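As structure tokens, the structure follows; a few thoughts come after it.
The values are calculated or read from the model by the stated rules, or taken from the named source; none is laboratory data. Quick caveat, the model's predicted, so the values are computed rather than measured. All Cβ positions, glycine included, derive from the backbone under ideal geometry; neighbour counts span all protein chains shown. Calculation scope for accessible area: heavy atoms of the full protein, side chains included, ligands and nucleic acids excluded. Shrake-Rupley method; radii C 1.70, N 1.55, O 1.52, S 1.80 Å.
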Amino acid sequence: DAPRHEGEALPQVLHAAWISEPYAYPPEVPAELAALANRACERDPAERPRSAEIFRQALESYLEHRESAELAEEAARRVASAEERAAADEDPVPALREARFAYKQALRIWPQNAAARAGLQDVLGALIDRALADQAVELARDLLAEMDEEHVGGWRSKVDALAAQVARREAKMRRLEEEAKQA
């Protein structure tokens, strides 16, 4: 890897250090860790962590929830796989279920994982869409119960509308069966 500040001679290296542009870390370095390192090297001291202790705590925090972040990234890959499967007219539900499980595990480890929380809501919405298409009212209700209240919105009305439609159809079928028995 290249040094953080480069130049052909010492004046260029010192100028690069003085400017202190954010370093472009390779893709294998987690974005959160790269941001923490770049923040520690900010040109403006007010933008840096106030002390080595605060920086150490930020590193510890990152290490504690790193597994959660990795699970959320894996879940996002499963969602992408589900989208590819759907585009190829294949069943995306298994990949969506795997993503749902990974997001839930990520949140179990670190409940403040915003990416996992948002991803889970999106996956639940996609699974509810599938349940609605399959007219699986109970499954749709179960999935709806897992959603954060602020995301339920229009999903509840769609599930309720399907439940009413299914109830009318079942009532009609019972009535037709009764009429057939009486005939």
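Brief remarks on what is shown
- Residues being more than 12 Å from the chain's Cα centre (by Cα) and within 17 Å of residue 146 (Cα to Cα) - total across the range 68-111: 5
- Of all the numbered requirements in (1) open to solvent by 30 Å² or more (accessible area, probe 1.4 Å); (2) touching a helix residue (DSSP H, G or I) at 6+ places or on another chain (Cβ under 9 Å), residue 143 misses one, and that requirement is (1).
- Hits in the range 120-157 - residues which are outside any helix (DSSP H, G or I) and closer than 19 Å to residue 108 by Cα: 147, 148
- Within the range 53-69, residues that are in contact (Cβ under 8 Å) with a residue 40 or more places away in the chain reach partners that are in a helix (DSSP H, G or I) and open to solvent by 60 Å² or more (accessible area, probe 1.4 Å) with beta carbons closer than 7 Å, at six or more positions or on different chains, in the pairs 69/32.
Matching residues to (1) of a type outside the set (A, V, I, L, M, F, W, C); (2) farther than 24 Å from residue 71 by Cα; (3) touching a helix residue (DSSP H, G or I) at 6+ places or on another chain (Cβ under 7 Å):
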residue: 116; (1), (2), (3): no, no, yes
residue: 126; (1), (2), (3): no, no, yes
residue: 132; (1), (2), (3): no, yes, yes
residue: 160; (1), (2), (3): yes, yes, no
residue: 169; (1), (2), (3): yes, yes, no
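- Residue among 64, 84, 98, 73 that alone is at pLDDT 95 or above, open to solvent by 90 Å² or more (accessible area, probe 1.4 Å) and among the charged types (D, E, K, R): 84
- Residues of the range 2-54 classified as open to solvent by less than 60 Å² (accessible area, probe 1.4 Å) and either touching a Gly at 6+ places or on another chain (Cβ under 9 Å) or small (Gly, Ala, Ser) (or both), total: 12
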